[in-house]
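The values are calculated or read from the model by the stated rules, or taken from the named source; none is laboratory data. Keep in mind that this is a model prediction, so the values were computed, not measured. Virtual Cβ from ideal backbone geometry, glycine too; neighbours counted across all protein chains shown. Ligands, DNA and RNA are excluded from the accessible area calculation, which covers all protein heavy atoms including side chains. Shrake-Rupley method; radii C 1.70, N 1.55, O 1.52, S 1.80 Å.
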Amino acid sequence: MSADQMFERDPSIYMMPQGLASQQLAAILGALPDACYVFDRDGRYIYGNGAAERFLAAGRERLLGALAWDILPDADGGLHDLHLRAMINRHPLTSAIYAPWLGQWFDVAMQPMDGGLLVVTARRCQGGQEPRPPHSPPPELAAPIDGAGRDVFWLIDARCHQIRYVSPSYDKIWGRSHHPLYHSPGHWLQAVHADDRERVRQAYARGLEIGLYDLEYRIVRPGGELRWIHDRAYRAVGRAVSADVLIRIAEDVTAQKRMAAERPALSELNENRSDAIHSQLSALRQSLTILDAANSPGEVLDALLGVAHSGLGAYAGALFVTQGEPPTLTEHRTQGGFADLWLTHQAPAAPHPLIEALHDRQPHFYAPGEWAEHFPALYERCGAHVGSWLATPVLLGGQLVAVLGLAFTYGREPGQADMDYLDMLVQQGCHALERVRLHRDAHEAISQSDAAWARLESLVHTVPVGLAIWDSDLRYVHINPALAALNELSVEEHLGHTVHEMFPALSPSIAASFQRVLGTGQPLLNMELHGFFPSRPDGTWLLSLFPVRMASGAVAGVGAVVMDITERKRAEAMGALMTQMTGALTQALTPAAVTDVIIAHLNQAFPIRGIWVMLLSEDGEWLELERAHGYSAQAIARWRRIHRTSTMPAARTVAMAEPLWIDPPNAGVPSLAADGQPASGTLAAIPLVVNRQPIGCLCLRFKAVDCVAPDERALLYTLARYYAQALQRARLDAAERQARLDAEAAVDLRDQFLSVAAHELKTPLTSLLGTAQLLQRSLARRDDLGERDRWALQVIQDQSWRLHQMILTMLDISRIQEGQLAIMRAPVDLADLARRVLRELQLIQGPYVLQLHVADDAELVVDGDELRLEQVLQNLLQNAIKYSPSGGDIAVGLDQDGDYAQITVRDHGIGIPADALPHLFDRFYRAENIDRRKISGLGVGLYVVGEIVQQHGGEVLIDSAEGHGSTFTVRLPLRLARERAAAAG
């Protein structure tokens, strides 16, 4: 097996551990016919196989510890250059190298790895190579060094000042040919700007004498274009080199110079963003007021569309109401634009951004140029007017009620703040729509004949709001369970009692409202109650009172609708907090003042015991304490500075650029406890990100576990984002009052950061990336897509799917172990479920025939979780396929056995040994015959199947013998049987 084949099969073998002299690594390298050897971060040879010793023409004793440029004879300058370039730039390199001591051409690949390692593989070229062209550099340096596009690489004889090699990128940057430099070494000085030429000439001459220089200057390209060059050199002396060599690297830093000149504009940009956020929050409050004033579904829809269209500055907008499952479009409203922008009832399924949001129930944003490819017909009609699209579903309790679409002109693309604004606006619009619908339904039901009371009874018991009816003496005539539960009493305990008996401390204003409705016959809508019900002392409700009339029209009582608006009020409070904090952050001029603002507002809004702010050091390797609040001096002294590869939550969240929420106890995860208090509350570690790059983290220790709601977590992420932006602005302001930062230091910091971030990626992602890189190199060498390339593409698909399945399975195991595997019961037709699963698997089944048999007249509806039951059937079918390596028929049968529905999955695969059957549902258990056949798997699929079926009140039966296939039977209680049992109980 070649080195490339080893890399294709398992790229992780190149992720070398620190202990390289292990038996496992020695076995891997020794099995390769290609030369494979490793240099450490200092460029010293630390390991290699026997083929590497033959390729390098030296024994193991001479190679170990030798520098890369001291190993081979001086005649092989090309290999030296390749080593040096890979070590300096830390980029993968490949090239064809001629080895004169072996008389052969070799394909050489250099792969930088974690920890500063450099892995080199060399394979003899197939079919030979053409000789070098006559005007190439000297033979010992004939292999070109692959540059980064903006670097010029030089090798200069320090004794005679002759240029031995200059990379072809000189032609691109200088705008002149590099060939004259071999005969006239000072020819490059002619391009240096006249104001810089004498200074550069003197510095260059002095640098050639001492072997070191570092300077910046300008060059003038043909045509007058001006570029900045950062030129540096140092001496490298090798034991096997006949002359001292000066290594020179000239880098085009024109872009960095321009960035430094533009930096003062960043402060003004951030201030403009703060003003925009403040304006958008004000618009959101006005929008909520408009939605609250709407008294009909049509008014709510018009208001929602209007405020979304105007608040986001869209060119046009449309809102389509949906109904049923699968959803269908029933009515629509538009604002702005023209008719061809939107769907029509004659063609409701035409490709359109709204249809995408309707089908997958996810927001969709299409940037300029992107939507033209997805919707060519729409682009032909509207491309001259519309630059980008935004379509989002309107969901209430998981049910799709409408889709909202916005079209923007070119130059106006919505950002993250616009997305947050639209999300909050859609939620409030949905609540307003539900409110007016409930009011309308309740009023119509009460005004109907006696037959309508039965329908009202059903509505009262099912709506997710509180409903009650009182007679003229304000005694309870009816109350639904939702409102009774708020009072912590049963429905029967309310009936016949007056409002004053149930609420002795009823405020005079509420009591007067009841009497006003009785006296005037006019409704009173949208009165807010704070902490009114004992079950939710911190809640807020919206109370609407309306008259209950007899058939004659006389007022016979009072009805009420009570809606929980706690979340809406919380959203309003969040908006107020964000407005207040945004204003304070705008006034804060220093990093310390910005941190004071975030600490003060977080302590005011959340139950926080301690706050810990850490920022990345200048070199990007350390997290350093910026501010600590509520922690002991001992904790501050101990954790003032931690390495970014630490297992501390602060370092982990920076590495992943994702928040961490940790509930105690969490063994093996170091954490910070507040001063004098045990670590009893939840710990949140939130990355501080600017321009998609983390600059530090915000760690919060709360006073209790699970005391932060999901929407409050989202607010914390937004506050952290604003804090990071304000902190970055303050740091930039402080930097402007100091000396201008060295441009190269900024580039080095960026490169170090990107390198560390890349090393933190998970192993499955590394596998995918390695396969993708292999495919890219293969495609670059050939014009057609061969079998090997198709295999590489399949590897990508298989690894992606495997990673997805592993993550889902491990999450399920975690939920099972913690008792948190939720089963959302609803009627499920097992026949429909089985047909859908088999249709999906039929596309990827391979050499298998999937058969489905459903018994006639069988009752196959169960009360269960459709997603979980689909997971059970998927696991059983995938096992049947996996353990039937020779293919064959796989039969799925559904029938009824008394009060149970039965799902049978039968294969003709390898079967299960008898001694393995009792352990088959144990976690991580794998039968012996599976390991012998080297069939991959974790041994957790049947464990999850057993737990899901057990939570459904069912069981799994197995009939199998080794070598004769297996039959799995899942028995689930039928829905009708459960209803009969519940009625009998």
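The accessible area of PHE503, taken with all protein chains in place and a 1.4 Å probe, comes to roughly 30 Å².
Taken about its Cα centre, the stretch 152-259 carries a charge dipole of roughly 80 debye when the Cβ of each Lys and Arg holds +1 and the Cβ of each Asp and Glu holds -1.
Legend: calculated FRET efficiency, LYS934 to GLU962, from the Cβ-Cβ distance at R0 = 22 Å, rounded to 0.05, equals 0.85.
The Cα atoms of the stretch 152-259 cover 43, 24, 24 Å along the three principal axes, with the biggest extent listed first. Here LYS934 is the anchor, and the lysines within straight C-alpha reach of less than 30 Å, apart from those fewer than 8 places off in the same chain, are LYS762, LYS882.
When GLU492, GLU840 are compared by accessible area at a 1.4 angstrom probe, the order from most to least is GLU492, GLU840. Summarising the amide proton neighbourhood of LEU852: residues at separation of 5 or more, or on other chains, whose placed amide H is nearer than 5 Å comprise VAL892. Run the simple label-point estimate for LEU529 and MET502 please: 7 Å along Cα→C-beta, distance reported in nm. Each label point lies 7 Å from its Cα, and together they span 0.8 nm. Rounded to the nearest whole Hz, the Karplus-based 3J(HN,Hα) values (6.51 cos²θ - 1.76 cosθ + 1.60, θ = phi - 60°) of the stretch 175-180 follow the sequence x, 9, 6, 8, 4, x, with x at glycine and proline.
If one puts a single equal scatterer on every Cα of the stretch 821-983 and applies the Debye formula without solvent, what log₁₀ I(q)/I(0) results at q = 0.13 Å⁻¹? Rounded to two decimals, the profile gives -0.61. Which shape class, rounded, prolate or oblate, goes with the stretch 588-729 when its Cα gyration tensor gives a ≥ b ≥ c as root eigenvalues, a/c under 1.5 marks rounded, and past that a/b bigger than b/c marks prolate? The shape class here is rounded. Looking at the square roots a ≥ b ≥ c of the eigenvalues of the Cα gyration tensor of the stretch 553-602, which shape do they give, rounded for a/c under 1.5, prolate if a/b is larger than b/c, or oblate? Cα axes put the stretch 553-602 in the prolate bin.
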